[in-house]
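Working notes for the structure below.
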Amino acid sequence: MQRMMEDKVVVVTGAGGGIGREIALQMAAAGAKVIVNDIGVTLSGEAQEPGASTLAPAEAVVKEIRDAGGTAVASMDSVAAAASANAIIECAMDHFGKLDGVVNNAGNLRDRSFHKMSEEEWRAVIAVHLDGTFFVSRAAANHFREQQSGAFVHMTSTSGLIGNYGQANYGAAKLGIVAMSKMIALDMGRYNVRSNCIAPSAWSRMTSSIPTDTPQQRDRVEKLKKMEAGKVAPMVVYLLSDAAKAVSGQIFAVRANEIMLMSQPRPIRSVHYSEGWTPERIAAIAIPAMEKNFYPLERSPDVMCWDPI
């Protein structure tokens, strides 16, 4: 039986650990040739401490894939600049002569309350998540257009879709990625190119930095620890496969054994006044008519409040 990703070439960014590593391993197991991209730094940007292995994270994952009989090449270029992002895509072309899928998974964190967030903390997160997703996707777009096929999976987050404390930079970047994905799906659909988002919930290097100062935070972390990073990867493999050729412009959330289709903004209530609105009429008529449909200031754990399944 032919594997779902047989002979396809896929780039996975941020694939040196956590969710990205699991995606790379499962892509290879499904038959893909994988570019394992990771610059090998901590979430805050410092060089990682050497472990028992002298291999960089990307090289270690490549070795795992090759030891299991798969095909993979390491890339240690950054997603956060156009030139190095282009180098990631060219790595696939140089080694395998084509590119079929891109997984934009690379990420970092600089959590801080909004009123304390610095310009550096803002720009560092936007550069990797939002700019990085654009640069890598833009570099791949030329090849996808020329070959009239291709698929993107971008990692978003419920921090952007719903909300969370201390993550104005991260949430803004992740919600921006959702909009970018939709525009890619619209602009490149004519070339048989698909683009979708996944909001993963799993215990990984990134979620391990979540504060545990309060009982609520500790409870959330304990729940996250039960969610394996490997549970996210099957949805990514599916979305990059030909089996998903009719799926584009969608947002999914994956948490343990759950797959959720997330909503997208649409009008839910409308009011009009034939003589036109004044601020006073808005206060007296429009807002009272709409406020019962206002969204509360909820965070991800408030909305997805049931235990992982």
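The values are calculated or read from the model by the stated rules, or taken from the named source; none is laboratory data. The structure presented is a predicted model; accordingly, all values stated were derived computationally and were not measured. In this analysis, Cβ positions are derived from the backbone assuming ideal geometry, glycine residues included, and neighbour counts consider all displayed protein chains. Keep in mind that these areas ignore ligands, DNA and RNA; they rest on the heavy atoms of the full protein, side chains included. Shrake-Rupley method; radii C 1.70, N 1.55, O 1.52, S 1.80 Å.
Observations
- The single condition from (1) in a helix (DSSP H, G or I); (2) open to solvent by less than 20 Å² (accessible area, probe 1.4 Å) that ALA72 fails is (1).
- Cross-chain or 6+ apart pairs with Cβ under 9 Å, the range 233-252 first and on the phi > 0 side of the Ramachandran plot, then surrounded by fewer than 19 Cβ atoms within 10 Å (Cβ to Cβ) and part of a helix (DSSP H, G or I): GLY249/LYS182; GLY249/LEU186; GLY249/GLY189
- Exclusive hit being in contact with a Lys or Arg (Cβ under 7 Å, 6 or more places away or on another chain) and within 30 Å of VAL9 (Cα to Cα), set GLY249, GLY230: GLY249
- Residue in the range 135-149 that is among the hydroxyl-bearing types (Ser, Thr, Tyr), at pLDDT 95 or above, open to solvent by less than 40 Å² (accessible area, probe 1.4 Å) and touching a helix residue (DSSP H, G or I) at 6+ places or on another chain (Cβ under 6 Å) present: no
Quick grid of which residues meet (1) touching a Cys at 6+ places or on another chain (Cβ under 9 Å); (2) under 23 Å from ALA15 (Cα atoms):
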{"site": "HIS95", "(1), (2)": "no, yes"}
{"site": "ASP100", "(1), (2)": "no, yes"}
{"site": "LYS116", "(1), (2)": "no, no"}
{"site": "VAL128", "(1), (2)": "no, yes"}
{"site": "ASP131", "(1), (2)": "no, yes"}
{"site": "GLN147", "(1), (2)": "no, no"}
{"site": "VAL153", "(1), (2)": "yes, yes"}
{"site": "SER157", "(1), (2)": "no, yes"}
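So that you can scan it fast, the table gives a plain yes or no per residue for (1) more than 25 Å from PHE152 (Cα to Cα); (2) crowded, with 16+ Cβ neighbours inside 10 Å:
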position: MET227; (1), (2): no, yes
position: LYS231; (1), (2): no, yes
position: SER248; (1), (2): no, yes
position: MET260; (1), (2): no, no
position: ILE268; (1), (2): yes, no
position: ILE282; (1), (2): yes, no
position: ASN293; (1), (2): yes, no
position: VAL303; (1), (2): yes, no
position: PRO308; (1), (2): yes, yes
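- Scan of the range 107-121 for residues that are open to solvent by 100 Å² or more (accessible area, probe 1.4 Å) and within 18 Å of GLY163 (Cα to Cα), ordered by number: ARG112, PHE114, HIS115, LYS116
- Evaluation of GLU120 against the conditions (1) in a helix (DSSP H, G or I); (2) under 27 Å from VAL11 (Cβ atoms) shows that the sole unmet condition is (2).
- Of note, GLY276 does not satisfy the criterion of being within 15 Å of the chain's Cα centre (by Cα), assigned to a loop (DSSP other than H, G, I, E, B) and modelled with pLDDT of 95 or more.
- Residue within the range 75-83 that is in a helix (DSSP H, G or I) and open to solvent by 10 Å² or more (accessible area, probe 1.4 Å) present: yes
- Subset of the range 13-69 [charged (D, E, K, R) and modelled with pLDDT under 95]: GLU46, GLU49
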